[in-house]
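Enquirer: I am attaching a structure below and will ask some questions about it afterwards.
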Amino acid sequence: MIDRQHALPLTRQSEILGLSRSSLYYKAAPVSVRDLELMRNIDEIHLKYPFWGSRNIRDELRSRGYEAGRGHVSTLMKKMVIAAFYQKPRLSKPHPAHKVYPYLLRGMEITRANQVWAADLTYLPMARGFCYLVAVMDWASRKVLAWRLSNTLDASFCTEALEEAIMKYGTPDIFNTDQGSQFTADAFIKILENHGIDISMDGKGRWLDNVFIERLWRSVKYEDVYLKAYTSIAGARQGLRQYFEFYNRKRRHQSLDRRTPNDVYWSTLPQKQVAV
């Protein structure tokens, strides 16, 4: 995060985090209560019908009793940084100066822990506002290795989650993300390169390239966030800590032969890594 008291100039801090310098001086206008309610409904509709664009979402909102024009719905979707899946959920836009890496997982059989990790971002509605959640997941086991919440879309909370995952679980062979600016930022890429991790990025418009973590967002929201309607980031952080503990230890997956992510992770982790 930007530290205005740090000896390092703000310009240099923004470069390291992959932020526009002008964003340091921008003060966001508060979102109205009505718009927050609309955004909460848009998020739910998007999860249920991910292939719908602004026109269909507008119609569904009207069927729920909310009068909103297509233009306003489109504006709110951009604020939430989501779009119909046929275009790829645009939770983060690529930075024009950042390198885009090839997608390395096509046709690959992923059978063991720490073979492939993935990361993604999602919008989280709260009772009085919203924030963003990033998670790092082991692909073979679906285990959530680390996560962070933030009220902004800068790169620092993503790098923090990545560093925690590496500290706790070692390193994967391949790390897969979308082409968002948070994941192509120099600070994020340097961590991967310094640990000798191969970098893979989703093809433009291919949400299926990172489908397992997209499914995680649905579980998180329907099984926790929507039910609890968190009133603050602090409350969301505490509640999500409990949920991810449940998700890793107790939640059985049909695709994992009714085993939990923890069971699969530790049973498929190479012995040399278990020993470490």
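Enquirer: Given the criteria among the small types (Gly, Ala, Ser), surrounded by fewer than 23 Cβ atoms within 10 Å (Cβ to Cβ) and closer than 24 Å to Met77 by Cβ, does Ser219 qualify?
Expert: Against the criterion (among the small types (Gly, Ala, Ser), surrounded by fewer than 23 Cβ atoms within 10 Å (Cβ to Cβ) and closer than 24 Å to Met77 by Cβ), Ser219 qualifies.
Enquirer: Residues Ala127, Ala118, Ala135, Ala185: which one is touching a residue at least 60 places away in the same chain (Cβ under 8 Å) and in contact with a Cys (Cβ under 9 Å, 6 or more places away or on another chain)?
Expert: Ala185
Enquirer: Is it the case that some residue within region 83-101 is at pLDDT 90 or above, assigned to a loop (DSSP other than H, G, I, E, B) and crowded, with 17+ Cβ neighbours inside 10 Å?
Expert: Scanning region 83-101, I find no residue that is at pLDDT 90 or above, assigned to a loop (DSSP other than H, G, I, E, B) and crowded, with 17+ Cβ neighbours inside 10 Å, so the answer is no.
Enquirer: If you take the residues of region 109-122 that are touching a strand residue (DSSP E or B) at 6+ places or on another chain (Cβ under 6 Å) and part of a strand (DSSP E or B), which of them is farthest from Ile213 (Cα to Cα)?
Expert: Among residues in region 109-122 that are touching a strand residue (DSSP E or B) at 6+ places or on another chain (Cβ under 6 Å) and part of a strand (DSSP E or B), the one farthest from Ile213 (Cα to Cα) is Val116.
Enquirer: Can you say whether Leu145 is part of a strand (DSSP E or B), without any contact (Cβ under 8 Å) to a residue 40 or more places away in the chain and assigned by TED's automatic domain parsing to the domain that holds Val225, as far as the supplied structure shows?
Expert: Answer is yes for this residue.
Yes or no, residue by residue, for (1) of a type outside the set (Lys, Arg); (2) over 14 Å from the mean Cα position of the chain (by Cα); (3) not assigned by TED's automatic domain parsing to the domain that holds Arg252:
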site: Thr111; (1), (2), (3): yes, yes, yes
site: Gly129; (1), (2), (3): yes, yes, no
site: Asp154; (1), (2), (3): yes, no, no
site: Ile174; (1), (2), (3): yes, yes, no
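Enquirer: While we're looking at this one, here's another question. With the structure loaded, tell me whether Ile166 is under 20 Å from Asn114 (Cβ atoms), among the β-branched types (Val, Ile, Thr) and in contact with a His (Cβ under 8 Å, 6 or more places away or on another chain) or whether it fails that test.
Expert: Yes; evaluated as a whole, the condition is true for this residue.
Enquirer: Let me ask something additional. Find the helices (runs of 4 or more DSSP H) located wholly in region 223-276 whose residues include 2 or more that are touching a strand residue (DSSP E or B) at 6+ places or on another chain (Cβ under 8 Å) and within 20 Å of Trp117 (Cα to Cα), and list them.
Expert: 233-249, 261-268
Enquirer: Within region 114-127, take every residue that is within 20 Å of Asp202 (Cα to Cα) and either more than 14 Å from the chain's Cα centre (by Cα) or of a type in the set (S, T, N, Q) (or both) and give me the one that is modelled with the lowest pLDDT.
Expert: Going through the qualifying residues, I end up with Thr122.
The values are calculated or read from the model by the stated rules, or taken from the named source; none is laboratory data. Every value quoted in this text rests on a predicted model; they were computed, and no experiment measured them. Counting neighbours? That spans all protein chains shown, and the Cβs are built from the backbone with ideal geometry, glycine included.
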